[in-house]
Amino acid sequence: MRRVVYAAVAVFGVAIMTAAVRNDFGLGRNIELLVNLFRELDVFYVDSLDVDDVMQRAADGMVSGLDPYTEYLSEKEMSQFMVMSTGKYGGVGSLIRKKGDYVVFVEPYRGYPADRAGIRIGDLLLEIDGESAKDLSVEEVSDRLKGDPGTTVRLKVRKLIGGDDVDLTLVRERVSLPGVPYSGWVADSIAYISHSDFTEGCGDEMRNAVMRFKESGRLRGLILDYRNNGGGVVQEAVDILSMFLPKGTEVLELKGRQPSSNMTYVTEKEPIDTSLPIVVLTNSGTASAAEIVSGALQDMDRAVLLGRRTFGKGLVQETRPLGFNSYLKVTTAKYYMPSGRCIQAIDYAHRNEDGSVGYVPDSLIREFRTAGGRKVYDGGGIMPDIVTEAEYASHFAMLIYALGYIDDFADDYVRKNDARLQGLDPKSFSITDEDYAAFMDFMEDKEVDYRSQTRVYLDRLRDAAEQELYDSTFISQIERMGGQLKDDKRSNLERYRDELTDAINGRIIMSYAYSDGVAEYNLQRDADLDRAIEVLNDPAEYRRILTEQDTRRTVEAEPENEE
């Protein structure tokens, strides 16, 4: 352990010399204080220290007052970060979850080792390489299933269908999570592409999907779905923009403190189509690189944006090596759209007295112009051209799902109906009224610690009334309202029936048609998609939006020239 401490001292020593060259006395002084503190604790603290843990906490504390994207990545965390940024890892290719004492498979990816070995959703993992998997956490099982491509892992699995225990030997492969998980036709000559993240290579996936539609000879409109896409690699965003904008178009500018952080991105490849009508779907989960694509297409009057205002992450990070396979992921610049606007929503540089951060106030939001002269604004994400109402999942339904009850019921349903479900049609499948009644019976003895927001506020009102000594008549009125409120478990199962039915249907469809089938099912009930199809089916309205319509300044404000 002491070797690590002294290695850290050596690294800090180099930093001190660098600081001296820069004549930055304050930096050098504080680095020396940190080294001395680290050494004194290691030598004199009453108990022995885990210096890696001390370093982790020191580093976390050092960046805690900055933005949430600047962080110290230890060697283990760096490997996880690489999986997130590349979408690739060595393993068997399946999601897993905890169920009782064991872990079960919840989504074997199509075509990967687990899927090819016949593992299905709901299969229970009993042993890994001859050792019991009982009481292992999801993280522990995941670590044992992952490994170098070409290596083998032996599993004992209890099958959901039939209940037999089978021994399997799987050869690990390089698992590549798709950035474009689904694409297909959604209306006459209108194509849809779901883009989930900006991992390395997703631009090629997008290009392949667009070319497949283009080569059909009937493509007249394209819907790009960036809802809940948290972003990723900036260059992939530029590659995607290259498909729809003329070569050499400036689409992004980075501005930071260091000259090396300043950069201008232009499209470098020949486009696929610069006139194809496009609608981009966005919401509050659209962030970072997804905002680059959405914002640049809007600024160049190249696509109509539809949905909700995006997240507003206009900060760019890079990883810098610190030695010993650890890195600093640090925010180095802000990015600016072709119109010149920065869409960063939260001002981390100016904190309130309590340490909290705030959004850019409306009074400081500035106006910019698209290539064609339409008004757009900075100060917090990308405002879509067509703002639609958000559809929120209920807290009750999310809790039922998080507790695993949807999965458990679906597993039991699949076990009983496997033969009948073979070859199901994702677009038309649904459980029956009798099936949902069975789900309500299944939930009868299940613990669900849930109180509606109305119940929470009523309880707060009653407590406040008691503290402020209101008379008993007023308090009785509050209690009567509480008695009339039906938010018990069975009532909520009825109230949120449609939402829970969709969740059950999706889980069953996943067992037979993978994630593609779930996407097809969900698209049948997607109001934003229906509105996007309407826009693409109305060329005059599409042109009007891109040539005349300003975006809203805030969510509450209407566009100045919208009737």
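The values are calculated or read from the model by the stated rules, or taken from the named source; none is laboratory data. Because the structure is predicted, anything quoted here is derived from the model rather than measured. Positions of Cβ are backbone-derived with ideal geometry, glycine not excepted, and every protein chain shown enters the neighbour counts. Only protein heavy atoms, including side chains, enter the accessible area calculation; ligands, DNA and RNA are left aside. Shrake-Rupley method; radii C 1.70, N 1.55, O 1.52, S 1.80 Å.
If you take the residues of segment 118-160 that are of a type in the set (A, V, I, L, M, F, W, C) and within 27 Å of the chain's Cα centre (by Cα), which of them is surrounded by the most Cβ atoms within 10 Å (Cβ to Cβ)? Reasoning before the result, please.
Of all residues in segment 118-160, those of a type in the set (A, V, I, L, M, F, W, C) come to 119, 121, 124-126, 128, 133, 136, 138, 141, 145, 153, 155, 157, 160.
Applying the additional criterion that residues be within 27 Å of the chain's Cα centre (by Cα) yields 119, 121, 136, 138, 141, 145.
Values: I119: 24, I121: 22, L136: 19, V138: 12, V141: 18, L145: 22.
Ranking the qualifying residues of segment 118-160, first place goes to I119.
For segment 250-267, which residues satisfy the criterion of being surrounded by 13 or more Cβ atoms within 10 Å (Cβ to Cβ), out of contact with any Pro (no Cβ under 8 Å at 6 or more places or on another chain) and not in a strand (DSSP E or B)?
Step one: list which residues in segment 250-267 are surrounded by 13 or more Cβ atoms within 10 Å (Cβ to Cβ), which gives 250-256, 261-263, 265-267.
Subsequent filtering for residues that are out of contact with any Pro (no Cβ under 8 Å at 6 or more places or on another chain) retains 253-256, 261-263, 265-266.
Listed by number, the residues that qualify are S261, N262.
How many residues does segment 161-187 contain that are over 29 Å from D239 (Cβ atoms) and either open to solvent by 60 Å² or more (accessible area, probe 1.4 Å) or in a loop (DSSP other than H, G, I, E, B) (or both)?
Number of matching residues: 9.
Within segment 129-151, is even one residue in contact (Cβ under 8 Å) with a residue 40 or more places away in the chain and in contact with a Leu (Cβ under 6 Å, 6 or more places away or on another chain)?
no
Given the structure, is Y192 closer than 30 Å to R220 by Cβ and in a strand (DSSP E or B)?
Against the criterion (closer than 30 Å to R220 by Cβ and in a strand (DSSP E or B)), Y192 qualifies.
Of the residues G483, G506, G517, only one is at pLDDT below 90, open to solvent by less than 80 Å² (accessible area, probe 1.4 Å) and either touching a Cys at 6+ places or on another chain (Cβ under 8 Å) or in a helix (DSSP H, G or I) (or both); which?
Working: G506 fails: at pLDDT below 90; G517 fails: at pLDDT below 90.
One residue alone meets the criteria, G483.
Output the residue which, of all residues in segment 40-51 that are closer than 18 Å to G61 by Cβ and within 41 Å of the chain's Cα centre (by Cα), is least open to solvent (accessible area, probe 1.4 Å).
By that ranking, first place goes to V51.
Scan segment 52-71 residue by residue and report those that are among the aliphatic types (A, V, I, L, M) and either open to solvent by 40 Å² or more (accessible area, probe 1.4 Å) or under 20 Å from F81 (Cβ atoms) (or both).
Once the filter is applied, which keeps residues that are among the aliphatic types (A, V, I, L, M) and either open to solvent by 40 Å² or more (accessible area, probe 1.4 Å) or under 20 Å from F81 (Cβ atoms) (or both), segment 52-71 yields M55, A58, A59, M62, V63, L66.
So that you can scan it fast, the table gives a plain yes or no per residue for (1) among the aliphatic types (A, V, I, L, M); (2) more than 23 Å from P108 (Cα to Cα):
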{"position": "R174", "(1), (2)": "no, no"}
{"position": "Y182", "(1), (2)": "no, no"}
{"position": "I193", "(1), (2)": "yes, no"}
{"position": "G201", "(1), (2)": "no, no"}
{"position": "E205", "(1), (2)": "no, no"}
{"position": "F213", "(1), (2)": "no, yes"}
{"position": "G217", "(1), (2)": "no, yes"}
{"position": "I223", "(1), (2)": "yes, yes"}
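How many residues are open to solvent by 60 Å² or more (accessible area, probe 1.4 Å), in a strand (DSSP E or B) and more than 17 Å from I128 (Cβ to Cβ) if we restrict to segment 88-117?
Counting residues in segment 88-117 that are open to solvent by 60 Å² or more (accessible area, probe 1.4 Å), in a strand (DSSP E or B) and more than 17 Å from I128 (Cβ to Cβ) gives 1.
Filter segment 324-337 down to the residues that are of a type outside the set (A, V, I, L, M) and either open to solvent by 50 Å² or more (accessible area, probe 1.4 Å) or more than 21 Å from I382 (Cα to Cα) (or both) and list them by number.
F324, N325, S326, Y327, K329, T332, K334
Suppose we filter segment 377-395 for residues that are of a type in the set (A, V, I, L, M) and assigned to a strand (DSSP E or B); how many remain?
2
In segment 520-547, which residues are open to solvent by 50 Å² or more (accessible area, probe 1.4 Å) and either over 28 Å from D502 (Cα atoms) or over 30 Å from the mean Cα position of the chain (by Cα) (or both)?
Scanning segment 520-547 gives N537, D538, P539, A540, E541, R543, R544, T547.
Sort out which residues of segment 61-77 are hydrophobic (A, V, I, L, M, F, W, C) and under 19 Å from Y359 (Cβ atoms), and write them in order of number.
As a first pass, look at segment 61-77 and keep what is hydrophobic (A, V, I, L, M, F, W, C): 62-63, 66, 73.
If the condition is that a residue be hydrophobic (A, V, I, L, M, F, W, C) and under 19 Å from Y359 (Cβ atoms), then L66 is the only one that fits.
If you go through segment 219-248 one residue at a time, how many are of a type in the set (S, T, N, Q) and surrounded by fewer than 21 Cβ atoms within 10 Å (Cβ to Cβ)?
We begin by selecting, within segment 219-248, every residue of a type in the set (S, T, N, Q); these are 228-229, 235, 242.
From what's left, surrounded by fewer than 21 Cβ atoms within 10 Å (Cβ to Cβ): 228, 235.
Here the count works out to 2.
Given the structure, is V293 farther than 21 Å from Y72 by Cα, of a type in the set (V, I, T), touching a Phe, Trp or Tyr at 6+ places or on another chain (Cβ under 8 Å) and assigned to a helix (DSSP H, G or I)?
Considered against the rule, which asks whether it is farther than 21 Å from Y72 by Cα, of a type in the set (V, I, T), touching a Phe, Trp or Tyr at 6+ places or on another chain (Cβ under 8 Å) and assigned to a helix (DSSP H, G or I), V293 comes out as yes.
State yes or no: is L281 assigned to a strand (DSSP E or B) and more than 19 Å from Y348 (Cβ to Cβ)?
It is true that L281 is assigned to a strand (DSSP E or B) and more than 19 Å from Y348 (Cβ to Cβ).
Go through (1) among the aromatic types (F, W, Y); (2) under 16 Å from A402 (Cα atoms); (3) open to solvent by less than 50 Å² (accessible area, probe 1.4 Å) for Y496 and report which single condition fails.
(3)
Quick one: count up the residues across segment 326-381 that are of a type in the set (D, E) and at pLDDT below 85.
Initially, segment 326-381 is screened for residues of a type in the set (D, E), giving 347, 353-354, 362, 367, 378.
From the residues that got through so far, the ones that are at pLDDT below 85 too are 347, 353-354, 362.
Number satisfying all stated conditions: 4.
Just for segment 360-376: of the residues that are outside any loop (DSSP other than H, G, I, E, B) and in contact with a Gly (Cβ under 8 Å, 6 or more places away or on another chain), which one is least open to solvent (accessible area, probe 1.4 Å)?
F368
Taking segment 417-434 as the search range and keeping residues that are touching a residue at least 24 places away in the same chain (Cβ under 8 Å) and assigned to a helix (DSSP H, G or I), which one is most open to solvent (accessible area, probe 1.4 Å)?
Among residues in segment 417-434 that are touching a residue at least 24 places away in the same chain (Cβ under 8 Å) and assigned to a helix (DSSP H, G or I), the one most open to solvent (accessible area, probe 1.4 Å) is D418.
Does segment 296-306 contain at least one residue that is in contact with a helix residue (DSSP H, G or I) (Cβ under 6 Å, 6 or more places away or on another chain), free of Cβ contacts under 8 Å to residues at least 60 places away in the same chain and open to solvent by less than 10 Å² (accessible area, probe 1.4 Å)? Spell out how you get there, then give the answer.
Looking only at segment 296-306, we keep the residues that are in contact with a helix residue (DSSP H, G or I) (Cβ under 6 Å, 6 or more places away or on another chain), and these are 296, 301, 303-306.
Now drop any that are not free of Cβ contacts under 8 Å to residues at least 60 places away in the same chain, which leaves 296.
Next cut, open to solvent by less than 10 Å² (accessible area, probe 1.4 Å) only: 296.
The answer is yes; a qualifying residue exists.
Within segment 25-46, can one find any residue that is of a type in the set (G, A, S) and modelled with pLDDT under 95?
Yes, segment 25-46 contains at least one residue that is of a type in the set (G, A, S) and modelled with pLDDT under 95.
Kindly indicate whether any position in segment 394-415 is within 30 Å of A303 (Cα to Cα), open to solvent by 30 Å² or more (accessible area, probe 1.4 Å) and out of contact with any Lys or Arg (no Cβ under 8 Å at 6 or more places or on another chain).
no
Sort out which residues of segment 195-222 are among the basic types (K, R) and without any contact (Cβ under 8 Å) to a residue 40 or more places away in the chain, and write them in order of number. Let's see the steps before the verdict.
From segment 195-222, those among the basic types (K, R) are 207, 212, 214, 218, 220; that's our starting set.
Matches in segment 195-222: R212, R218.
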